[in-house]
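Below is one structure, written out as structure tokens, with a few remarks after it.
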């Protein structure tokens, strides 16, 4: 059994060992600090943070409702809003085009004609695509956290005269911090790694919509060294996220 | 090429046999059998799908697997050891790179020609008449710089004296993806192969580029050195260059080499 487990671990770890061996460490700063790799990395950092913020704004109320309100179809709603987690990202991109595309989109055509806003091929398009795939992670983590908050703390605060907003900020909010942090970190890591929905919906414009994963794919053909350097940078970010979470998955274990 | 020629003759003879004439017996007598992996430029997709079908009809014991991507991507795959038998690219430079890394069995041959065209949204709402008008287009889709169709598009733009800022250019991963940005997405125009423009039908309007301002894209085909199916690979190459292959390519808009 131990041998089988070692095989399983090796299966996951071997590609990373390969990546670390393949990268040219001496020129790593140069490969990352210049040209399309640098542009893409900065763009990815900005857009993924914005996507995480968007996921929080849209996802937090949803998590609250899913955790606290009992209504018909709650399970179905939860399953539907987590669909982007399991969907092939390129299908997500196609769906986003069908909703927000200027030419053939459900709302996109109206948005363009009425407000002059076009999401496709724009930086905001990247943010929307990343938030679309990342939000379910935040919703699930936060919902788990909210559901496991002991409501007697809130009741105690209420009997002591705390107003609803004060209760939310001082009592419930405090208890939710770990799951909120876990949800934000997972959503951010997912947004940072987004490829399929981004290239389908936002395109591949250098300096505007070409994110780090897109740059890795393109650089593998033209400048493999830079591609591997960028890959290692993305792995490092994800490892940092996992380290920061320290096993606090989904916020259920406290 | 002598061997390939002989095999091609044999192939044509088998193909010319009456369709219903004892296929099982014909398959048993056919020395060509096995599975052939053909890596082809994305722009060859439709034409090679038909060629593969016809080839299989002539040689029932053969199965052809098509692997479609950008020529540059396919070169990278072969160089990293992908088990490919035949490689068909949208240029000849891809073969130079394969030859330099020792992945080619022999000198490749040119087998088809293509040219570039501009595609725009149906009805041409931005009134694009030629490459020079692309400067006024919000989002132009071009192939990646390292991909053949990207190099051809760059040559067309350079000939017209057009410099597009990179901030208005979205780069498709291959020729077909670049077309899709206009056909299914929100890009306003793209410089793509004339064959792809034609395949898109009514999803786009095509603006032809006159020969004087256009390029000639020469497609090459070759056998990968490490193939364990050399005879089968040679036979497929000969078929592509033979009458059936030429007919299929012509039907999809490709010119003779």
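None of the figures in this text is laboratory data; all of them are computed from the coordinates on show. The model shown is predicted, which means the values in this text are computed figures rather than measured ones. Neighbour counts are summed over all protein chains in view; Cβ atoms, including those assigned to glycine, are modelled from backbone coordinates with ideal geometry.
The figures follow:
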quantity	calculated
Distance histogram in 10 Å bins (all Cα pairs of the stretch A:87-139, percent per bin)	26, 52, 20, 2
With Cα atoms, 0 to 90° folded angle of helix A:35-68 axis to chain A main axis	20
Taking the convex hull of Cα positions in the stretch A:30-181, its mean projected area over all directions (nm²)	12.7
DSSP bridge orientation in chain B - percent antiparallel, rounded to nearest 5	55
Estimated 222 nm signal from helices in the protein assembly as shown, with DSSP H stretches of n ≥ 4 weighted -39500 (n - 2.57), rounded to 500	-17500 deg cm²/dmol
Mean Cβ neighbour count within 10 Å, used as a protection proxy, ranking B:116-125, B:237-246 highest first	B:237-246, B:116-125
Taking all pairs of distinct alpha-carbon atoms in the stretch A:1-56, Kirkwood radius in angstrom	14.4
Sorted by Cβ density within 10 Å, fewest first, the residues A:228, B:219	A:228, B:219
Modelled FRET efficiency - R0 60 Å, residue A:68 with residue B:33, Cβ distances, 0.05 increments	0.35
Exercise: per-residue mean of other protein chain Cβ atoms within 10 Å, A:90-98	1
Chain B, relative contact order [Cα under 8 Å, separation at least 6], %	29
Angle between chain B longest axis and helix B:230-241 axis [Cα atoms, degrees, rounded to 10]	50
Inter-label distance, nm, simple model (7 Å from Cα along the C-beta direction), residue A:151/residue A:20	4.8
Dmax and Rg, reported as Rg then Dmax, of chain B (C-alpha, Å)	19.5, 63
Translational D in µm²/s for the stretch A:94-200 (Stokes-Einstein at 20 °C, 1.002 mPa s, Kirkwood Rh from C-alpha pairs)	132
q = 0.19, 0.21, 0.23, 0.24 Å⁻¹: log10 I(q)/I(0) that the Debye formula gives for the stretch B:93-199, counting C-alpha atoms only	-0.91, -1.07, -1.24, -1.33
Share of alpha-carbon pairs per 5 Å distance bin for the stretch A:195-235, given as whole %	6, 26, 30, 22, 14, 1
Förster radius 22 Å - calculated FRET efficiency between residue B:256 and residue B:198 (Cβ-Cβ, nearest 0.05)	0.85
Using alpha-carbon coordinates, inclination of helix A:224-245 to the longest axis of chain A, degrees	20
Semi-axes of the equivalent ellipsoid for the stretch B:113-257, Cα gyration tensor, largest first, Å	31, 16, 14
Kirkwood hydrodynamic radius over Cα pairs of the protein assembly as shown, then Stokes diffusion coefficient at 10 °C and 1.306 mPa s, in µm²/s	61
When the convex hull of its Cα atoms is projected in every direction, mean area for chain A (nm²)	18.1
